[in-house]
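First the structure, in the form of structure tokens, and then the observations on it.
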């Protein structure tokens with residue numbers, strides 16, 4: 001009769017622990033930087049007053065009209081409130097990658113090669129998406 | 001009784017989004033309202049979405065894109081990006097509790113999420129490359145199909161046990177979980193793993209393409225196709241969404257399709273609404289909430305379809 005082994009609980013617990021921290025950190029950054037953005041404490045690259053004439057445009061036209069960054073170039077413009085808000089988004093989007101990296105050694109240690117390989121493949125796929133390869 | 005339930009659904013659907021009529025009238029987009037009014041209306045709308053979504057047993061992500069895309073002035077590219085982040089945040093925040101409580105299986109989610117995240121990247125790239133009208137028509141059809149699926153599967157769900165297939169055995173896709181509702185351990189085995197992987201790849205494409213949360217498809221795929229017990233299917237679906245939507249979210253972010261003014265108010269609204277929804281859950285029948293969601297999805301789907309067709 002199949003049962004949950006202690007190793008499985010360890011993996012779940014480790015994944016859950018990193019996930020919880022990632023969410024806390026990412027969510028705090030998202031809300032905190034949004035406050036700085038909408039209150040104008042950190043001036044936005046695209047002033048909120050201009051947004052109603054811009055947010056109906058397709059993304060390519062929006063970028064052409066505002067000079068908004070693509071890829072990771074926003075990191076060089078963190079002094080702009082709207083782009084600073086992407087820090088929280090990036091942390092949230094990176095959390096699953098970190099969680100997979102956390103459980104990879106556990107699968108390797110327990111010689112679960114198939115799951116370790118899936119873990120590596122998932123990190124490669126998410127890492128490539130994050131790097132803007134696609 | 002059924003008529004009463006449907007009337008309630010229609011009335012609640014009308015009440016769901018107080019900004020919808022206002023938003024729909026806004027032409028040219030944003031005319032007449034200051035910029036800060038829109039994040040506020042979005043917050044109120046997503047707050048109500050969060051309540052209805054919890055009571056109806058679905059994620060807020062599936063409501064967000066059809067409603068906000070159909071009735072607000074924001075371009076569908078940005079709405080889909082925000083929808084992905086909304087579904088991602090909901091899934092990420094529920095993940096630790098589901099994993100610790102044993103109501104989600106990491107090893108079951110991992111291979112399915114890998115297939116789904118590859119599909120999510122494909123869907124996101126296709127969605128951002130296609131003309132908006134085609135995406136709107138496809139979204140309208142998809143949303144109407146989701147409403148039909150929800151209507152037909154509202155009383156379905158099976159917890160029969162099956163023999164694990166070769167792939168499930170190799171990946172260890174079996175185990176047991178504690179179901180607090182019945183106070184007992186439930187043994188489970190996955191089967192039809194190959195079909196499940198194919199289904200999750202397809203679901204990932206749809207999620208990335210339209211920015212929808214995919215619990216509406218994940219749960220039937222896990223439960224009805226792979227034979228995973230319903231409660232474990234619901235929990236594992238949430239965990240899978242947290243990985244699948246990550247891949248598409250990165251694509252949208254790298255293409256510049258995440259507009260900060262939409263993201264934080266929407267996420268806050270749905271999350272706070274979900275907390276209230278948990279309390280409302282005790283006072284309202286789940287079937288009524290589900291009918292509300294179906295009514296809203298039909299209205300939003302028809303509107304998206306008409307917008308795409310230029311009607």
Item to check | So residue B:279, is it away from chain A (no Cβ under 13 Å), part of a helix (DSSP H, G or I) and modelled with pLDDT of 85 or more | outcome: no
Next on the checklist: Within segment A:1-106, considering only helices (runs of 4 or more DSSP H) that don't extend past its boundaries, which have at least 2 residues that are within 29 Å of residue B:68 (Cα to Cα), more than 7 Å from every other protein chain (Cβ to nearest Cβ) and under 21 Å from the mean Cα position of the chain (by Cα)?
Outcome noted: A:6-38, A:81-84
Checklist outcome for this item: Filtering segment B:21-45 down to residues that are at pLDDT below 90 and closer than 15 Å to residue B:259 by Cβ yields B:29, B:30
Checklist entry - Failed condition for residue B:130, given (1) surrounded by fewer than 19 Cβ atoms within 10 Å (Cβ to Cβ); (2) touching a residue at least 24 places away in the same chain (Cβ under 8 Å); (3) over 18 Å from the mean Cα position of the chain (by Cα), with all others met? => result (2)
Checklist entry - Here are some conditions: (1) in contact with a helix residue (DSSP H, G or I) (Cβ under 9 Å, 6 or more places away or on another chain); (2) more than 14 Å from residue B:103 (Cβ to Cβ); (3) surrounded by 22 or more Cβ atoms within 10 Å (Cβ to Cβ). Residue B:232 meets all but one. Which one does it not meet? => result (2)
Item to check | Counted residues, segment B:246-276 - those being on the phi < 0 side of the Ramachandran plot, touching a helix residue (DSSP H, G or I) at 6+ places or on another chain (Cβ under 7 Å) and facing another protein chain (nearest Cβ under 9 Å) | outcome: 21
Next on the checklist: Show me the helices (runs of 4 or more DSSP H) found entirely inside segment B:150-252 where at least 1 residues are more than 26 Å from residue B:291 (Cα to Cα) and in contact (Cβ under 8 Å) with a residue 40 or more places away in the chain.
Outcome noted: B:166-171, B:193-210
Checklist entry - Yes or no: residue A:113 over 28 Å from residue B:83 (Cβ atoms), more than 7 Å from every other protein chain (Cβ to nearest Cβ) and out of contact with any strand residue (DSSP E or B) (no Cβ under 7 Å at 6 or more places or on another chain)? => result yes
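Out of B:299, B:289, which single residue is surrounded by 17 or more Cβ atoms within 10 Å (Cβ to Cβ) and modelled with pLDDT under 75?
B:289 is the lone residue from the list that is surrounded by 17 or more Cβ atoms within 10 Å (Cβ to Cβ) and modelled with pLDDT under 75.
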Checklist entry - Just checking, how many residues over segment A:119-134 are over 12 Å from the mean Cα position of the chain (by Cα) and within 19 Å of residue B:106 (Cβ to Cβ)? => result 7
Checklist entry - In this structure, is residue A:56 over 21 Å from residue B:106 (Cβ atoms) and touching a residue at least 40 places away in the same chain (Cβ under 8 Å)? => result no
Checklist entry - away from every other protein chain (no Cβ under 12 Å) and either modelled with pLDDT of 85 or more or crowded, with 23+ Cβ neighbours inside 10 Å (or both), is that true of residue B:305? => result yes
Next on the checklist: Against the definition (surrounded by fewer than 24 Cβ atoms within 10 Å (Cβ to Cβ), within 11 Å of chain A (Cβ to nearest Cβ) and at pLDDT 95 or above), how does residue B:125 come out, yes or no?
Outcome noted: yes
Checklist entry - What tally of residues in segment A:56-77 results from selecting those that are over 19 Å from residue B:251 (Cα atoms) and surrounded by 15 or more Cβ atoms within 10 Å (Cβ to Cβ)? => result 3
Item to check | Meets criteria (away from chain A (no Cβ under 11 Å) and touching a strand residue (DSSP E or B) at 6+ places or on another chain (Cβ under 7 Å)) for residue B:212 | outcome: no
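The values are calculated or read from the model by the stated rules, or taken from the named source; none is laboratory data. On a predicted model such as this, the values are computed, not experimentally measured, just so you know. Neighbour counts run over all protein chains shown; Cβ positions are idealised from the backbone, glycine included.
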